[in-house]
1. Pairs of alpha-carbon atoms within less than 8 angstrom and 6+ residues apart define the contacts here; what relative contact order does the chain have, in percent?
2. May I ask for log10 I(q)/I(0) of the chain at q = 0.06, 0.10, 0.11, 0.12 Å⁻¹, from a Debye sum over the Cα atoms as equal point scatterers with solvent left out?
3. Is it possible to state the helix-based mean residue ellipticity at 222 nm for the chain, with each DSSP H run of 4+ residues giving -39500 (n - 2.57), the sum divided by total residues, to the nearest 500 deg cm²/dmol? What is it?
4. Restricting to Cα pairs below 8 Å that are 6+ residues apart, what does the relative contact order work out to for region 553-666? Please round to a whole percent.
5. If you average 1/r over all unlike Cα pairs in region 135-224 and invert the result, what Kirkwood radius do you get in angstrom?
6. Over the Cα atoms, compute the radius of gyration (one decimal) and Dmax (the largest Cα-Cα distance, rounded to a whole number) for region 462-511, in Å.
7. How are the C-alpha pair distances of region 152-291 spread across 5 Å bins, as whole percents from the shortest bin up?
8. To check my understanding: the extent here is largest minus smallest coordinate of the Cα atoms along each principal axis. What are those three numbers for region 74-188, in Å, largest first?
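Please treat every number below as a calculation from the coordinates, not as lab data. Computed from a predicted structure; not experimentally measured.
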């Protein structure tokens, strides 16, 4: 079967766009070919800084002829309807056939779509793909209308079958397809022709171009680690930087250089960030001291001096960059050693949000909440308040202004320079965490207290200001903050009644909003008022519950199980809800648990029907002296025992024990329903048995609201 080779050769494509563009080329083109009726065995996409390449193997030579029957309007339908059907099918009136159907005579037409050669389909598909390519950013050049990420120079579109290879003719904005390309911009030997993917890839390599981005990345990493190992050092792993650098070069040449002695005492994170962000250098550290001592750069060409000139130039530029970093570091240390008061004063002039005040006002709120939370989780309240007041001081530092991604980390260095304890210094770095689902969660009580306060202040603030997430839009990362609170509580086994702290912080925000907003804004619904606090608190807890459902669903717990556990008085304790949901999920996977739920639902349905019919609530008064059968008496005994066990277990958050005790009711409940009729003529017996069903509902309902369970 034929093969297809496509190359789109242009000026340099930004590294961050290459992988996505290669995948888009493959998806768009192969989808178009399949829609046109072609099949293929496999497709691979490649990218380099100057080209996107697609190789399709086992392409069918032509699309099949397709015959399909279409049902049209009824015989006698308005002429306009018949003419519209004919136009859509590309037929004339004499090609219609009238047939009798259960709904009367209807016109039918047989439409035949002739097959096309694969080359014609490829030409149409490639032109459409190029003209409508989804670049994040694109440009026009010259007088043409084509938009591409950078000026497009040439197109290879080569069809290869048993008869040999031939160019698929097409022209896009004055660029005609061909079978020639170029190698490396500096080391290549000029234009050359290709006849297949194999000759194309081999010729590129002879012309100093490695087509496969993964092969380039592997070569860079292997060579860098080998050079570092030879010097007793190791390269700091950075997958995102490796992928980016592999997209900057077609022929990677790895060079290792020295960092000036004057910069070696800079914090390793500063060195690493500065070299990565500005120079795209890898950091090389001494494994014994963790000090960064050298760097690795990747050139795009070989030189006669083995890269000495390139390395000298890079070291000169790096020295200038690191001189700036050293200047920031030394200036910041002077401020930190003076106590960081100057930085904290500056935060009064930094707006956090126009409705929620300055960063300084925000810090005051966080400090107050951290002080409230600390005793509940085993942290010192005074230390929590102190840590919260300094945890964001580094936002005013010169280093964080230059490298915002170092916020928190630099705060830790500066807090230690200010003479604060290691625990408070750790808070400065750790209170931002977790920032994502895979981020490490802090475990030190002081850090946890401030991290919870920080996230709860953010959430309550934006809820108070009526700036909640809508749909997929979440500009203030409030979903991430809620998930952070959930993970902090669950992974540190913290049992906290959140609603109390939410309401505390909402009160503080209302005070802030009354200063930030006019009375017209407040009255117009721009922010919550004091009398609306319970509603806002409940709404925010609902947001936490939605995030918790997603989090627990990822762990394999069903939504209805989570809902059953949220419908109780501990719903604002996210740890207990999680533990309860996990225990219920496990019990429901047993025969006893699943069958008990069916018995519970049966009891509940009978009870609801009787209560609706009689207009009363059967919720107390079941008396064992009216029990007639052994099964009925046994159920009274079993419910009394289970009630005591479940109450004791729940008092100690022993959800497993409580669930097990509930599941053990399966046998007496099943036996009761098999032996006893509820709705008997004797009204005393009927009422007693209905009250006994109510007892089943109340005893099991202590564990979770089983009415929420599906099935």
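1. Numbers: 1119 pairs, mean separation 50.3, N = 711.
The value is 7 percent.
2. Calculated log10 I(q)/I(0) at the listed q: -0.65, -1.11, -1.14, -1.19.
3. On the way: 26 runs with 359 residues, N = 711.
Taking each H run of at least 4 residues, the total per residue is -16000 deg cm²/dmol.
4. Working: 70 pairs, mean separation 33.2, N = 114.
After rounding, I find 29 percent.
5. Working: mean 1/r = 0.0653 Å⁻¹.
Roughly 15.3 Å, rounded to one decimal.
6. Cα radius of gyration and Dmax of region 462-511 are 12.6, 33 Å respectively.
7. All Cα pairs considered, the percentages come to 2, 8, 14, 15, 14, 11, 9, 8, 7, 5, 4, 2, 1, 0.
8. 76, 40, 23
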